[in-house]
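This report refers to the structure that appears directly beneath it.
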Amino acid sequence: MSNRFAALTGNQAAALAMRQIEPDVCAAYPITPSTQVMETYSQYVADGAVRTELVLVESEHSAMSACVGAACAGARAMTATSSQGLALMHEVLYIAAGLRLPIVMAVANRALSAPLNIHGDQSDTMGSRDAGWIQLYVRDVQELYDTLIQAPRIAEHCEVMLPVMVCFDGFTLSHAIERVELLEDGAVRDFVGVYRPERYLLDVEHPHTFGPALLPDYYTEAKRQQREAMSRALEIIPHVALEFGARFGRAWGMVEAYRLEDAEIAAVVLGSTAGTLMEVVDRMRERGVRAGMLRLRAFRPFPAEEVVRLLAPLKAVAIFDRADSPGTPSGPLYEEIRSVLYDAPARPRISGMVYGLGGREMLVEEASATYEALERAAAGTAEIPPPGYLSARG
Amino acid sequence: MFQHKTATAPVSLKKLAEQPDLLTGGHRLCAGCAESAIVRQVLMASTYPVVAIMATGCLEVATTVYPATAWRVPMLHNAFENAAATASGAEAAYRALRAKGRIPDRELRFVVFAGDGGTYDIGFQSLSGALERGTRFLYICFNNEGYMNTGIQRSSATPLGADTSTTPVGEAVLGKPGWRKDLTGIVVAHNAPYVAQTAPTAFRPHDLKNKVARALEAPGPAFINVLSACTRGWRYEPADTIAITQLAIDTCYWPLFEVIDGKWHLNYKPKQKRPIMDWLSAQGRFRHLLKQGRLVAEIQARIDSEWDTLLERCGEAPVAAASVPPPRKAAGASD
């Protein structure tokens with residue numbers, strides 16, 4: 001790589017990060033908006049730029065199944081998908097996590113059918129939130145590139161051994177071109193290292209049975225071990241990010257707090273919408289309002305301690321969910337943030353807004369209106385708005 | 001046509017019996033189940049180290065209940081419908097890691113074990129995909145003609161008229177409507193280099209083993225459809241598994257053949273074809289059909305026609321039907 005900087009779409013950056021990681025096996029099936037990741041990667045394979053076995057399967061179900069076979073065999077396995085593709089993988093996602101296979105998957109977030117919609121929202125990965133995968137949500141293309149390079153280290157860490165999804169907003173990040181600072185191929189190779197599993201299928205001298213049946217006498221313990229591994233990932237994700245930061249100068253934590261130090265009100269969000277909210281926060285600050293923003297980079301494991309530490313002192317908070325959970329008060333992020341704040345000695349008033357479904361833009365004016373409602377609730381001049389939809393007609 | 005080692009050097013049954021079992025005893029398969037015999041024969045037929053991939057089914061739940069395992073070869077079970085795709089991934093990993101020098105540089109073989117449910121039905125797409133991609137594996141289908149692991153429901157391998165728990169015999173319906181799917185033919189249509197049908201028998205004890213050995217030399221995907229008698233689902237006494245299997249072959253209900261590089265070969269031609277009634281009357285699942293003369297004649301006609309087609313494909317002359325049917329074996333059937 002001669003240029004240190006490049007203008008890349010999110011998909012191109014994901015493919016480039018994968019080229020530098022150079023997984024042993026990639027299995028993939030195309031779906032909008034992530035298709036370009038594997039198209040670009042396939043060109044790398046065609047050009048002989050990577051030594052990766054490409055398994056071009058007939059469905060996403062088979063893509064994840066092949067990743068399970070490859071990872072269990074001892075290979076570093078990666079794939080990419082979106083939306084319906086992730087939904088079709090659903091069954092195998094649980095198996096990948098249950099077998100403790102460190103597969104890494106780039107997910108360009110997209111709405112789920114019906115109605116058919118190819119545009120961005122986070123319903124797809126929210127539907128997989130209990131599958132046992134680590135879920136990291138990125139704000140921009142640079143963070144996508146950096147996070148994908150960190151993902152194998154997190155997944156394959158002996159204290160973790162769990163698959164990782166790196167989630168980036170469909171179109172907003174997958175198709176938008178941004179300036180990305182790239183790392184040297186060798187530097188990435190050194191950082192990610194070689195995957196050397198303790199037990200693997202191809203070790204014919206030491207045969208193991210993978211994927212056995214566990215009856216009620218053992219199943220619970222296997223599941224608890226997954227939970228414990230996910231808890232340990234709370235330590236390992238920042239540890240890997242810290243090492244990445246020390247080597248390459250860009251640090252990423254479990255959360256991104258923006259102007260929260262002295263804030264009274266804040267919005268909480270996942271993904272690229274943080275950029276919009278930071279603009280709104282700046283405008284609020286200009287007129288003297290103590291506004292801030294919290295973005296969760298990790299949703300699984302859920303960074304409860306940071307969330308409580310950062311949000312409990314505030315007066316009013318709005319949770320922006322880019323996925324709904326019909327039949328509950330609001331979206332999944334809202335539920336979980338309210339839940340972890342319950343035990344805090346003091347806690348803010350909390351509102352929930354479902355926004356951005358099926359690619360609908362969040363306008364600065366709409367986000368500002370939410371902040372203004374928080375401002376009134378913080379001042380005690382109005383009640384906090386009940387949970388609802390941001391920008392929905394009739 | 002590719003070369004194969006074992007055709008010239010058959011190993012005696014005595015020698016084979018002295019080999020260590022790669023699937024140990026003590027597993028939980030039913031008495032009389034053909035599956036363990038098939039797995040052991042497959043594993044003993046390979047001169048290469050085998051990596052097994054298994055679909056969910058009777059074999060999985062009976063041989064891997066944690067913390068025990070009956071497997072002495074590496075085995076991966078993923079889910080019900082994705083054994084072929086899983087094998088594609090494992091085989092791709094094998095090629096990648098071997099090329100990079102991360103595993104010893106030697107030949108391994110990938111063998112999938114899946115039932116007819118996991119192959120004919122829910123796993124059909126995954127199988128078709130792996131065949132088209134050219135995954136180098138041997139896919140063994142244990143065809144026991146139904147969803148036996150979940151309690152004997154019909155599959156698309158279930159024969160016409162069979163009594164199953166989802167095609168029960170009633171006043172209005174006489175068991176499973178419709179003929180079984182010709183999966184072996186469908187696999188042949190994928191141009192896989194090696195495709196065969198076989199079954200564990202006493203009269204041709206090397207048939208299964210030899211086919212496995214040939215399949216493992218195939219340069220691409222190999223598929224063997226193995227009839228796997230099920231004492232519970234077919235309703236016969238456990239001791240009769242091999243005898244029942246023999247009837248399937250002698251009635252031409254389940255012919256033994258191979259298709260190597262698209263060329264059809266018949267492995268066994270009975271001198272006289274036994275009537276299909278011998279097959280039907282030996283099993284409780286067909287008991288209700290025995291007095292349905294027209295339906296039995298219809299089944300016979302279809303079996304005859306399929307057999308004739310097979311003979312033609314294999315370039316064989318037709319076989320006379322037995323003029324006097326041998327005595328029925330209905331006494332062997334149980335409910």
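Here residue B:127 passes the criteria (1) in contact with a helix residue (DSSP H, G or I) (Cβ under 9 Å, 6 or more places away or on another chain); (2) away from chain A (no Cβ under 14 Å) except the one numbered (2).
Residues of the stretch B:290-321 that are within 18 Å of residue B:196 (Cα to Cα) and in contact with a Pro (Cβ under 8 Å, 6 or more places away or on another chain): B:307, B:308, B:310, B:311. Looking across the stretch A:178-220, the residues that are over 26 Å from residue B:102 (Cα atoms), loosely packed, with under 11 Cβ neighbours inside 10 Å and not β-branched (Val, Ile, Thr) come down to A:215, A:216, A:217. Provide a single number: the residues in the stretch A:321-336 that are within 17 Å of the chain's Cα centre (by Cα) and assigned to a helix (DSSP H, G or I). Number satisfying all stated conditions: 4.
If you go through the stretch A:271-296 and keep only what is of a type in the set (Gly, Ala, Ser), surrounded by 24 or more Cβ atoms within 10 Å (Cβ to Cβ) and farther than 15 Å from residue A:361 by Cβ, you end up with A:291, A:292.
Taken over the stretch A:199-239, the residue count meeting the criterion of being in contact (Cβ under 8 Å) with a residue 12 or more places away in the chain and aliphatic (A, V, I, L, M) is 9. If a residue has to be assigned to a helix (DSSP H, G or I) and of a type outside the set (A, V, I, L, M) to count, how many in the stretch B:68-86 make the cut? The number of residues fulfilling the criteria is 1.
Restricting attention to the stretch B:46-72, and to residues there that are farther than 16 Å from residue B:139 by Cα and hydrophobic (A, V, I, L, M, F, W, C), which single residue is farthest from the other protein chains (Cβ to nearest Cβ)? The residue in question is B:58.
Of the residues making up the stretch A:194-244, those that are within 9 Å of chain B (Cβ to nearest Cβ) and small (Gly, Ala, Ser) are A:211, A:213, A:222. Scan the stretch A:126-138 and tell me whether some residue there is within 14 Å of chain B (Cβ to nearest Cβ), of a type outside the set (Lys, Arg), outside any strand (DSSP E or B) and in contact (Cβ under 8 Å) with a residue 12 or more places away in the chain. So far as the stretch A:126-138 goes, yes, one or more of its residues are within 14 Å of chain B (Cβ to nearest Cβ), of a type outside the set (Lys, Arg), outside any strand (DSSP E or B) and in contact (Cβ under 8 Å) with a residue 12 or more places away in the chain.
Of all residues in the stretch A:140-177, those satisfying the criterion of being closer than 15 Å to residue A:107 by Cβ and part of a loop (DSSP other than H, G, I, E, B) are A:163, A:170, A:171, A:172, A:173, A:174, A:175. Tell me, please, whether a residue that is within 22 Å of residue A:321 (Cβ to Cβ) and in contact with a Gly (Cβ under 7 Å, 6 or more places away or on another chain) can be found in the stretch A:141-152. The answer is yes; a qualifying residue exists.
Total residues in the stretch A:37-55 satisfying the condition of being surrounded by fewer than 24 Cβ atoms within 10 Å (Cβ to Cβ) and more than 7 Å from chain B (Cβ to nearest Cβ): the figure is 12. The single condition among (1) outside any loop (DSSP other than H, G, I, E, B); (2) surrounded by fewer than 16 Cβ atoms within 10 Å (Cβ to Cβ); (3) of a type in the set (Ser, Thr, Tyr) that residue B:184 does not satisfy is (2).
Only residues that are closer than 23 Å to residue B:11 by Cβ, more than 18 Å from the chain's Cα centre (by Cα) and of a type in the set (A, V, I, L, M, F, W, C) were counted in the stretch B:40-87, giving 4. Take the residues of the stretch B:127-181 that are assigned to a strand (DSSP E or B) and not hydroxyl-bearing (Ser, Thr, Tyr): which is nearest to residue A:27 (Cα to Cα)? Among those residues, the one meeting the criterion is B:138. Going by the conditions given, is residue A:80 surrounded by fewer than 24 Cβ atoms within 10 Å (Cβ to Cβ), out of contact with any His (no Cβ under 8 Å at 6 or more places or on another chain) and more than 14 Å from every other protein chain (Cβ to nearest Cβ)? No: the conditions fail for residue A:80. Restricting attention to the stretch B:85-120, which residues are basic (Lys, Arg) and within 7 Å of chain A (Cβ to nearest Cβ)? Result: B:95, B:100.
Every read-out reported here was derived from the displayed coordinates using simple, explicitly stated rules and does not represent laboratory data. Here the structure is a predicted model, which is why all the values come from computation and not from measurement. So basically every Cβ, Gly included, is an ideal-geometry build from the backbone, and we count neighbours across all protein chains shown.
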